Structure formats: structure tokens, C-alpha cells
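Heads up: the structure comes next, in C-alpha cells.
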Amino acid sequence: MIRDPNVSASIGQLAAIQSAARVSREEVSPLGGLDDKDIERTVTEFARGSNAAPIAAASPLINNNSNLIISLAAKHRLPTTYPWRSFVVDGGLISYGPDPIDAHQKAAGYVDRILKGEKPADLPVQAPTKFGTVVNMKTAKTLGLTLPPSLLARVDEVIE
């Protein structure tokens, strides 16, 4: 998992992924870095392992280095999962994450409530409730992957 070691959301995502991995008896190796050079070094080292398939966590470091991570995944032929659709549009393989339109609609609802006089401190924190999966078929083909029809039937968007 490629994550930002200084962002608590990345730490929470790592814990959730490790929990799921224990059930399926998979190994999770946290990768991190403080900058683009660290990311390049850790991904290159990770790629030397067999059956390596990184998951990029959502964080400012990952978002700011999305093109680097996508290019490293392509260079090392790593089937990588990303947190946002934009990574897949830019050439990543697959994303699973919160639906940004749903999140923006909820934010607009909060703005409306605040403008009508509610105090922001009184509004509950809302976790995402709608998630989406996007697959880039060109990237899958480049990686030599044949995605099963059962997976493609469940994704929200397929990018040709």
C-alpha cells in the first residue's frame, strides 16, 4: 500500500486494508514516503517482489504525485488500485473510492444549513456513503490482464 505516513487518514486506510487482508491471508506491506523521490524508491523496491499489487491511499502526497505513481505502476507493470476516478482517467488500472459528486452534494447541503443559521460546530461529521469503481481497459490490456466479466458487470464505469 502506497501511503502518506504523516496523514492519519492513510493510517486508517492501512488498518482497514490489513484487516481485510488477514481474512484472505494476504500480506500487506506499507510503502510510504515524504516526497516524490521516496515514492519512486519504495515503489521500485516493492516491484521486485512477486505478485505485487499496490493500493494507493488517499492523501495529499498521493494526490500531488498521481502522475508519478501511475507512471511507476506502468513502468513496473503493477496492477495498482487508486482512491479516485481521476487516477484511472490518467492511465491507472482501477479505482475504488467515494463518489465525489455525492460528497459535493452533501457539502452543498451543509453550506445551505450554515447559511440558514446553523452553527458549523453543531453539524455532524459525515462519512461517505456512496462509492464507485472505475476500470481502465487500455491499462488492463497493457498489463496483460483479462478482467473477468463478473467484475466488469459490477463496476460503475469502464474506460475504453
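Which value in nm describes the separation of the simple spin-label points at ASN64 and SER29, placed 7 Å from the Cα toward the beta carbon?
Result: 2.6 nm between the two label points.
Considering only the chain, what is the antiparallel percent among its DSSP beta bridges, to the nearest 5? Walk me through the numbers on the way to the answer.
Numbers: 5 of 14 bridges.
So the antiparallel bridges in the chain amount to around 35 percent.
Convert each backbone phi in segment 139-155 into a coupling constant with the Karplus relation 6.51 cos²θ - 1.76 cosθ + 1.60 (shift: θ = phi - 60°), then list the ³J(HN,Hα) values in order as whole Hz, x for Gly and Pro.
Calculated HN-Hα couplings, in order: 5, 4, 5, 4, 7, x, 9, 10, 7, x, x, 5, 6, 4, 5, 9, 6 Hz.
Across the chain, how many lysine pairs, 8 or more apart or on two chains, come within less than 20 Å at their alpha-carbon atoms?
Going through the chain pair by pair, I get 6.
Tell me, what is the 1.4 Å probe accessible area of GLU157, in Å² to the nearest 10?
Rounded to the nearest 10, that gives 60 Å².
Roughly how many nanometres apart are two label points built 7 Å out from the Cα toward the Cβ at ALA103 and ALA47?
Between ALA103 and ALA47, the label points sit 2.8 nm apart.
Mind checking the log10 I(q)/I(0) for segment 78-133 at q = 0.19, 0.21 Å⁻¹? Debye, one equal scatterer per Cα, no solvent, two decimals.
Values, matching the q order: -0.70, -0.77.
When the chain is treated as a GNM, springs tying every alpha-carbon pair under 10 Å, which of ALA57, ALA20, ALA74 comes out with the largest mean-square fluctuation?
Maximum among the listed residues: ALA20.
Taking all protein chains together and a probe of 1.4 Å, list VAL158, VAL111, VAL134 from the most accessible to the least accessible. Present the calculation step by step, with values, prior to reporting the outcome.
Details: VAL158 60, VAL111 80, VAL134 10 Å².
Ranked list, largest accessible area first: VAL111, VAL158, VAL134.
Can you compute the radius of gyration and Dmax for the chain, using only the Cα atoms, both in Å?
Both quantities, over Cα of the chain: 17.4, 57 Å.
The values are calculated or read from the model by the stated rules, or taken from the named source; none is laboratory data. A quick note: this is a predicted structure, and the numbers were derived from the prediction, not measured. Cβ coordinates were reconstructed from backbone atoms using ideal geometry, including for glycine residues, and neighbour counts include every protein chain displayed. Surface accessibility is based on the protein's heavy atoms, side chains included, excluding ligands, DNA and RNA. Shrake-Rupley method; radii C 1.70, N 1.55, O 1.52, S 1.80 Å.
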